[in-house]
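Below is one structure, written out as C-alpha cells, with a few remarks after it.
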Amino acid sequence: SLVALWIATTWLTPRARSLLSPRSAALLLAVLMASLFCAQAYIHPQIDTDGFQLAGKSYGSSDSDDAIDLAISEFSEGRYPYYKKTFLDGPITPMPGALLIASPFYWMGETTVQHVAWIGLFFLGIAFFYRDVHIALATACIMCFLSPATLYQLFQGGDYITNSVYILVTSGLLVLSVQKKSRLSISILLATLFGIALSSRFNFFLMTPLIFFALWRASSLKTSMLLCGISAAAFGAVTLPFLLHDIAGFSPLHTSSKLSHHGQLPWTPVVVPLLGLGLSFYLGFKRKENDISTLCLDIFIVQAAVIFGAHILTAMLLGNSALGETHFGLLFTAFGYFYFAPICLGLSKRERVSPTNDGREPLLSSENQS
C-alpha cells in the first residue's frame, strides 16, 4: 500500500491531472461516488452481522450501525436510549449529537447511507475549497483504493470517518464565516451546528482551543468567546439532558475504559486528555497562519498525538501491542486528507491555499498546473 501510495502521489496523480479536464475529473468523481453507494448498499447487509473472510483471514462484524439504530429507536419510543446493548452485547457509544445527525437517515430507512453521503460531501468540500476538482478526485481515489480501513468502515457501517467529516465541515464553515465577515446570524447558526457535532465523540473536545484561537485571529476575542459560548450551549442542550438523567447509565462514558485499559492505568483518562488540551492550546496560540488547511493540520496533529500516543504509552507500560488499535486513526483521517490533498498533486506551498487570498481568483491557476 505504501509503494502504491508513493507511485500515485509522485507519478500517476500529477499526470492524470494534466490529462483530465475538470469536467472529466468531475464525471469520474461522480461515477466513483455512485459506485461506492451501490457497493455499500450491496455489501453492508452481507457482512454486517457475520463479518467476512478474505485471503484466509476472518474479519469480524461491527455493531456501530446497530448502536445508532437501537438508540434512535429507543428514544423515538420514549425510552432512555443508552440502556440497551447491541447484538454484540456492547454499550451504545455514540453521543446524542451523533444520534441527532443520524436521525434523518434513520427515518429514511438506513442510517449507514449517511457515511457515503458525508464522505461525498467531504470530497465536494475539497473541490470547492481548493477550487480544483482534480484534488478531490485524487483524494477520493486514494481513500477508496489505497486505504482498506476506509472501505472496511464504510461497508461495515462504522461512523469514525463520518464523525470526523461533519466535525471538519461545521468547524471549517464556522471559521470561514468569520474570516469572510459573514452576517452574525450565519456564524451563530454554524456555531450551533458545530456544538451539536461535538456531541459525537469525546476526543473532539481537544480541538476546541484551536477553534477558539482561529476565531480570535479572524475577528476579535469578543466574537470568539461569543461563538464558542454558543457552541458550548448547543453541546450542553443536546448532551446534558441524557447525561444528567442517569450519569451511571450514560454509556458513552465507558470509552474512558479504553484509555485506562479497563482500570489498569486509572490516571490515563485524566492525564492524556489534559496533555492533548495543552498541545492544542500551544498550537492554537503559536500559529500565525489562519487558513483552514493549516487549522486541519493542527487538529490532525493533536488527535494523532493523543490517540496514538496514548496507545503507545499503555503498550510500553503494560507490554501489550498497540497495533490493534490503529483503526482509531480514522477518527481524524479527514483532517489529514484535507491538509495533505494538495501535496498529493506535488503542489508547492506557494500554490496551496493562501490565507490572504480574497476568493476572487482561482487558487490553482493554469500556470501552476502540472
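Taking 0.36 nm per residue of separation and subtracting the Cα-Cα distance, full extension of the segment from D89 to H254 would add 58.0 nm. Here the spin labels are modelled as points 7 Å beyond Cα on the Cα-Cβ line, and at S61 and Y42 they lie 2.3 nm apart.
Normalising the average separation of contacting C-alpha pairs (under 8 angstrom, six or more residues apart) by the number of residues puts the relative contact order of segment 90-217 at 30 percent. Within segment 176-201, what residues put their amide N at less than 13 Å from the label point 7 Å along the Cα-to-Cβ vector of A237? Output list for this probe position: 188-197. Placing a pseudo-label 7 Å from each Cα along the Cα-to-Cβ vector at R79 and I186 gives an inter-label distance of 4.5 nm. Using only the Cα atoms of segment 88-226, build the gyration tensor, take square roots of its eigenvalues as a ≥ b ≥ c, and label the shape rounded, prolate or oblate: rounded if a/c is under 1.5, else prolate if a/b is larger than b/c, else oblate. Here segment 88-226 falls in the oblate category.
Of the trypsin sites (Lys or Arg not before Pro) in segment 66-107, the ones in a loop by DSSP (not H, G, I, E or B) with at most 13 other beta carbons within 10 Å are R79.
Take segment 55-151 with all the other protein chains still there, run a 1.4 Å probe, and you get 42 Å² of accessible area per residue.
Within segment 110-191, the trypsin sites (Lys or Arg not before Pro) that combine a DSSP coil assignment with at most 13 other C-beta atoms in a 10 angstrom radius are K180, K181, R183.
The values are calculated or read from the model by the stated rules, or taken from the named source; none is laboratory data. Quantities reported herein were computed from a predicted structural model and do not represent experimental measurements. Positions of Cβ are backbone-derived with ideal geometry, glycine not excepted, and every protein chain shown enters the neighbour counts. These accessible areas exclude ligands, DNA and RNA; they are computed on the full protein's heavy atoms, side chains included. Shrake-Rupley method; radii C 1.70, N 1.55, O 1.52, S 1.80 Å.
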